[in-house]
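Step one of this worksheet: look at the structure below.
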Amino acid sequence: MKYDVAVIGGGPGGYVAAIRAGKLGLKAVLFEKDQLGGTCLNKGCIPTKALLKSAHLYWEAGHAEEYGIHAVMDPFDFSQAMNRKDEIVSQLRTGVKGLLRNSGVEVVHREAKLIDAHRIEAGGAIWETENVILASGSKAVLPKGISETAMTSDDFWDLAELPNSVVIVGGGVIGVEFAEMLSGVGCKVIILELAERLVTAADPDISEILFHLLEKKGVEIHLQARVTDCLPGEVRFETKEGVASLKCDSVLVSVGRAP
C-alpha cells in the first residue's frame, strides 16, 4: 500500500505532523517503536511536572507551621506519586492515540528503517510513500568516563525507590528541575555545573533566582565544576579551589540530549 506521508517517530513532532497530514486529507502512516508521545509525554515534560506537583505539596506541608497549620508528616510515598504520574501519562497517551485515529492516521508500533526516499522497512514489511518526515527525537547524553551505574533523566523512571542522596551532573533545565523535585521530597541533592551559572540558556537574573531558590531547599551547588571521574557511589571533580570528591547513593547525569 502506498501513502502520501510516512512519519518516523511518534513524539510531539511526529504525531502532530501526522495528525495535520490526516486532517489535510493525506493518507498518512506513523511509525513508533515505543510509546506514543515520545520523550516529552513519557519521560520528560509531563512526568516531571506530575512529580513536581507532589514534591511541592510535600514541601509546603512540611513547612506549614508558619501558616498556623500543624501537620504530622510521614515519609514521602514515592510509589504513590509514581502511580499518579503513570495515570496522567496513560490518560494523555490515550488522548494522542484517539487524535491519530480520528485523523485517519495508521499507526505502526515497530522500529522503522529508511531504505530510500520513498521506502520504509518495518518488521520485515515494506511501506511505500511519496514523502517522509523524520521525527525520531533525542536521547540523553552519557559522556565518556561516566560510570554506567550513573543514570540519566530517562533512567530515573525505572527507580523503585528514592535515593537518600543524589549528585546531579549538569545544572541546565533538566538538572535544575530534578534538583527541585528531589530536594522537595527530602533527598540530599548536590549539583555540579561546568558553567559559571545555572541554566545558561536563561537570562542571568533568572539563573540567580533559581540558584537562591534551590539553596533555600538545601541544594548544594558547585559552579565551574568539571567532573573528572564518576564511580559507583562517588563523584570526583575539579574547581578553582582544587580537586574534591562527593559520596552519594546515585548520580544523575543531565548534560544535554542528542539526536
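The values are calculated or read from the model by the stated rules, or taken from the named source; none is laboratory data. The structure presented is a predicted model; accordingly, all values stated were derived computationally and were not measured. Virtual Cβ from ideal backbone geometry, glycine too; neighbours counted across all protein chains shown. Please note that ligands, DNA and RNA were not included when accessible areas were found on the heavy atoms of the full protein model with its side chains. Shrake-Rupley method; radii C 1.70, N 1.55, O 1.52, S 1.80 Å.
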- Would you tell me the accessible area of His212, worked out with a 1.4 angstrom probe on the heavy atoms of the protein chains, in Å² to the nearest 10? 100
- Query: How big is the charge dipole of the chain about its Cα centre, in debye rounded to the nearest 20, if each Lys and Arg gets +1 on its Cβ and each Asp and Glu gets -1 on its Cβ?
  - Reply: 1000
- Message: Report the Rg/Rh value for region 24-79, based on alpha-carbon coordinates and the Kirkwood definition of Rh.
- Response: 1.33
- Item | Selection from Gly218, Pro163, Ala125, by position along the positive dipole direction of the chain (Cβ) | Ala125
- Note on the structure: For the chain, whose charge dipole is built from +1 on Lys and Arg Cβ atoms and -1 on Asp and Glu Cβ atoms, the candidate among Ile190, Leu142, Tyr3 with its Cα farthest towards the positive end is Tyr3
- Item | Simple Cβ-charge dipole of region 48-124, Lys/Arg +1 and Asp/Glu -1, about Cα centre, in debye nearest 20 | 540
- Query: Structure shown: which of Lys113/Lys144; Lys53/Lys247; Lys2/Lys23; Lys49/Lys216; Lys139/Lys240; Lys53/Lys97 lie over 24 Å apart, alpha-carbon to alpha-carbon?
  - Reply: Lys113/Lys144; Lys53/Lys247; Lys139/Lys240; Lys53/Lys97
- Item | Rh by Kirkwood over Cα pairs, then Stokes-Einstein D for region 77-174 at 0.692 mPa s and 37 °C, µm²/s | 185
- Note on the structure: extent check for region 1-142: Cα max minus min per principal axis, descending, whole Å, gives 67, 35, 19
- Task: State the answer as a single residue: which of Leu36, Val251, Asn102 lies farthest towards the positive end of the charge dipole of the chain, with beta carbon charges of +1 for Lys and Arg and -1 for Asp and Glu, about the Cα centre.
- Result: Asn102
- Query: So how exposed is Arg20, as accessible area in Å² (1.4 Å probe, rounded to 10)?
  - Reply: 140
- Where a Cα-Cα gap under 13 Å defines reach, which aspartates and glutamates qualify for Lys188, not counting those fewer than 8 residues away within the same chain? Glu180, Glu215, Glu220, Asp249
- Note on the structure: What helix-only [θ] at 222 nm does the chain give? Using -39500 (n - 2.57) per DSSP H run of at least 4, over all residues, to the nearest 500, the answer is -10500 deg cm²/dmol
- Förster radius 35 Å - calculated FRET efficiency between Glu87 and Asn131, Cβ distance, rounded to 0.05: 0.45
- Task: Give the ranking of Leu252, Leu231 by solvent-accessible surface, highest area first, calculated with a 1.4 Å probe.
- Result: Leu231, Leu252
- Translational diffusion coefficient (Stokes-Einstein; Kirkwood radius from C-alpha pairs) of the chain at 4 °C, 1.567 mPa s, in µm²/s: 63
- Quick one: pull the percentage of alpha-carbon pairs in region 169-242 with a separation above 14 Å. 59
- Task: Leaving ligands, DNA and RNA out of it, work out the accessible area of Phe76 with a 1.4 Å probe and give it in Å² to the nearest 10.
- Result: 40
- Task: Treating only the Cβ atoms of Lys and Arg (+1) and Asp and Glu (-1) as charged, compute the dipole magnitude of region 131-259 about its Cα centre; round to the nearest 20 debye.
- Result: 180
- Message: Around Gly233, under 11 Å between beta carbons, what's the net of Lys plus Arg minus Asp minus Glu among the other residues?
- Response: -1
